[in-house]
Amino acid sequence: MTTTDVRKNYAAFLDKRNTLISIIDRQITLSESLQIDTWVENLQRLKQRVSNESFKVLIIGEFKRGKSTFINAMLGKDILPASPIPCTAIINEVKWGQSPQALLHYLKHEDGSQKEPKNIPVETIQEYVVIPEEPDDNYTNPYEKVEILYPLELCRSGVEVIDSPGLNEHATRSQVTEGYLPIVDAIVFVFTCEALASESEIQFIEKTLKPLGHEDLFFVCNKFDRIRDKEKERVRKFAISKLAPLTSRGESGVFFISASNALDGRLEEDDKRVAESGVLILERELEEFLTNDRGRIKILEPTKELQELISRAEKTIPERRAMLQINREELERRFQEAQEPLKNLQIRREQITKRIDQFLSDMRTRICDDAYEFFSGLDSKIEVWIEECELESGIDLAKINPAPWEIQKSVKSQVQTVLSEIEDYLTSKLEEEFSVWQKKVLGYVDSRLITLKEDIDARASEFLREVDKIRSQISTGSASTHTQEAVSSIQRLFYASGVNSTQGASAWSGGVFAFARNTVLASVLGGTLIGSTVTILAGFAGIFLGPIIGLLIPIIAVAVALAGNELKTANERIENRFKEEISKKFREELSNSIDVQSKQVSENIVNSLKDIKNVIDRGLASEIKAIEQQIESVRKDREKGQAAVNEKVQQLDTISKELNQLKAEIDDFTNQLTLL
Ligand SMILES: Nc1nc2c(ncn2[C@@H]2O[C@H](COP(=O)(O)OP(=O)(O)O)[C@@H](O)[C@H]2O)c(=O)[nH]1
Ligand SMILES: [Mg+2]
């Protein structure tokens with residue numbers, strides 16, 4: 001199989017996307033002739049969204065598994081630095097660009113501000129994205145990520161690849177968890193065959209990836225070339241037994257490849273070597289998953305939305321015709337009569353948004369109380385954890401240089417090692433504890449949101465009934481009987497608001513509820529929920545640990561002076577003292593910050609739900625505007641005189657025909673999509 005075969009599905013996807021865009025464009029033109037600007041804006045947003053759709057593939061794994069090499073192999077070019085020493089220091093996003101370009105993004109400042117990204121030559125990214133070989137103590141990385149734009153075939157097909165440094169590092173883990181897991185389409189987890197499926201790797205899959213809704217993982221067992229032929233079968237069996245149960249793809253989700261052979265093969269145009277590297281079958285599966293599973297949703301969702309917008313436009317044609325044809329006095333009388341109901345609509349709109357505000361504020365209070373209780377409960381837990389903590393590293397007094405001027409320095413380096421071990425240990429304990437709590441809270445959030453949704457749905461139905469009544473009153477002089485809508489009232493508002501209905505749905509299910517893919521609401525609203533964010537874990541575990549190190553150094557220095565010959569007992573004493581001190585300090589910091597922490601957590605959760613209000617409000621506003629713009633347009637036409645009116649009536653016939661035509665095309669298009 002050649003590379004071109006592999007890319008066929010991507011091409012088919014792009015074709016579909018372009019077809020959809022061209023239908024949207026035609027609908028924009030029609031809405032412009034109807035002079036309903038609010039529709040034009042919504043359609044333009046829809047078009048923007050469809051045009052920007054890409055497939056985001058996240059590559060994760062621990063250090064030196066061959067992630068960067070694998071990405072280079074997929075791209076067929078040595079773009080990312082790869083090396084035997086831990087190398088990538090920051091996240092790299094590789095995407096399509098006409099000419100090579102690299103944008104270096106800075107980390108946000110504490111006050112939330114961020115410097116403009118810096119444009120750097122692609123050849124120099126090494127200097128920025130690589131950890132120095134001998135970083136000094138104070139080495140910190142000022143960058144958030146680098147965005148690499150490159151004219152690569154795979155990226156032209158709409159694929160974006162994200163390379164992450166090792167998951168071994170807390171900072172990377174949280175950046176990946178918060179920033180990328182909620183938005184990526186596919187995850188490739190890279191292992192090395194030389195040390196397959198370690199405890200920490202499995203933990204990350206079970207504790208983080210799966211709860212966030214990523215069931216269909218791709219597992220790559222890399223460096224298969226390093227395994228002796230006679231052991232290959234055994235390794236294969238072992239990997240499958242460990243990994244297949246962790247992905248919904250089962251055995252066919254586990255791949256054995258040599259990324260370096262794949263890369264060299266591509267660079268040397270040696271098809272045989274590429275084929276033997278095992279990378280082709282993986283690429284094909286990935287492509288099928290992206291274009292079929294993910295791609296279908298990416299096209300189908302906006303298609304449904306467009307269908308709804310087209311039928312909305314269709315409904316106004318007879319209304320518009322009637323308004324152009326009745327006598328002038330009668331029309332003005334109806335417009336005047338509509339003023340009061342229109343004002344009432346505005347009031348209803350405000351009531352609905354106030355209701356949502358109130359709801360969110362109640363929720364904030366309740367979550368804050370709950371968080372307070374959670375944080376308070378940590379105190380006794382931390383004590384136990386620290387007691388149970390078995391250190392691998394330790395303080396060895398014998399290795400401490402007793403020369404007075406050296407003590408500080410040699411103690412410091414030992415303390416640092418122990419401290420970072422304890423930090424990792426506590427961090428993972430806290431993360432675990434927090435994720436259990438988070439699940440509980442989000443369960444609560446979800447159930448409250450269902451209630452809110454029912455409430456708003458009822459109010460929205462009333463609102464929309466009112467909208468339809470006004471429209472009919474203006475065009476026919478009497479209120480029509482309400483026709484059954486094909487979509488729910490909330491859905492109609494999502495469409496009218498111009499936001500992605502999946503975004504809307506994810507707002508409902510809680511921005512925080514990244515595993516909302518599996519929630520009740522998700523099934524109520526349909527669609528796959530992407531674009532939600534898990535913000536509440538942010539920066540939580542690391543905060544207490546900062547100032548401890550300074551406190552500990554003197555303790556140890558004193559102990560060293562006292563230890564004399566009894567080194568062994570002294571060591572034990574020191575370690576216990578050390579743990580005690582950390583535990584004390586840690587709990588102290590915690591109890592000082594409980595207030596702030598619980599406020600922060602509840603604030604974060606509620607903030608991520610604010611979209612609900614904005615989306616609904618925009619939908620409500622758009623419905624009102626559409627009526628006003630319709631009236632405005634009719635008025636203008638009538639002011640221009642009878643000839644203009646006649647012309648408009650004729651134009652309406654053409655528009656109506658074109659709408660019919662579009663509708664037929666899009667039905668056809670949808671059928672093709674669902675047949676795929
Ligand atoms: N033998 C062998 N070495 C590999 C393979 N893939 C990567 N490597 C080497 O492993 C080291 C780490 O690779 P890198 O891509 O930087 O790993 P990362 O830290 O996961 O991004 C480099 O020296 C690579 O050349 C492979 O499939 N086979
Ligand atoms: Mg790397």
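We did not get these values from a lab; they are worked out from the coordinates using the rules stated. Every value quoted in this text rests on a predicted model; they were computed, and no experiment measured them. Ideal geometry is used to build each Cβ from the backbone, glycine not excepted, and the neighbour counts take in all protein chains shown.
The table below gives the values:
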quantity	calculated
Using alpha carbons only: equivalent-ellipsoid semi-axes of the range 622-676, gyration tensor based, whole Å	33, 16, 4
Point-to-point label distance, Ser198-Ile347, nm (Cα→Cβ direction, 7 Å offset)	6.7
Radius of gyration and maximum dimension Dmax of the range 578-676, Cα, Å	29.7, 92
Sites Gln98 and Lys210 - FRET efficiency at Förster radius 35 Å, r taken between beta-carbons, to 0.05	0.35
Two-site label geometry, Glu639 and Leu391: point separation in nm, points 7 Å out along Cα→Cβ	8.3
Among 320-328, 625-633, the order from most to least packed when residues are scored by Cβ within 10 Å on average	625-633, 320-328
For Phe189, Phe55, order by how many other beta-carbon atoms lie within 10 Å, fewest first	Phe55, Phe189
Glu305, Glu647 arranged by Cβ crowding within 10 Å, fewest neighbours leading	Glu647, Glu305
Full-extension gain in nm, Arg573 to Tyr444, via 0.36 nm per residue minus C-alpha separation	41.8 nm
Where labels lie 7 Å past Cα in the beta-carbon direction, separation of Asp270 and Asn52 in nm	4.3
Segment Lys115-Glu658, extension gain: residue separation times 0.36 nm, minus the distance between their alpha carbons	190.6 nm
Surface/4 estimate of mean projected area, convex hull on alpha-carbon atoms of the range 273-363, nm²	12.4
Computed E for Glu127/Asp595 - FRET, C-beta separation, R0 56 angstrom, nearest 0.05	0.80
Relative pair counts by distance (%), Cα atoms of the range 53-277, 5 Å bins	1, 6, 14, 18, 20, 18, 12, 7, 3, 1, 0, 0
Glu233/Ser420 FRET efficiency (R0 51 Å; Cβ-Cβ; nearest 0.05)	0.80
Within the range 288-306, backbone nitrogen closer than 20 Å to the virtual label 7 Å beyond the Cα of Arg26 toward Cβ	299-306
√(5λ) per eigenvalue of the Cα gyration tensor, the range 344-453, largest first, Å	51, 16, 10
Cα-derived Rg over Rh, computed across the range 207-348 with Rh taken as Kirkwood radius	1.42
Ascending count of other beta-carbon atoms within 10 Å, so fewest first, for Asp611, Asp271	Asp271, Asp611
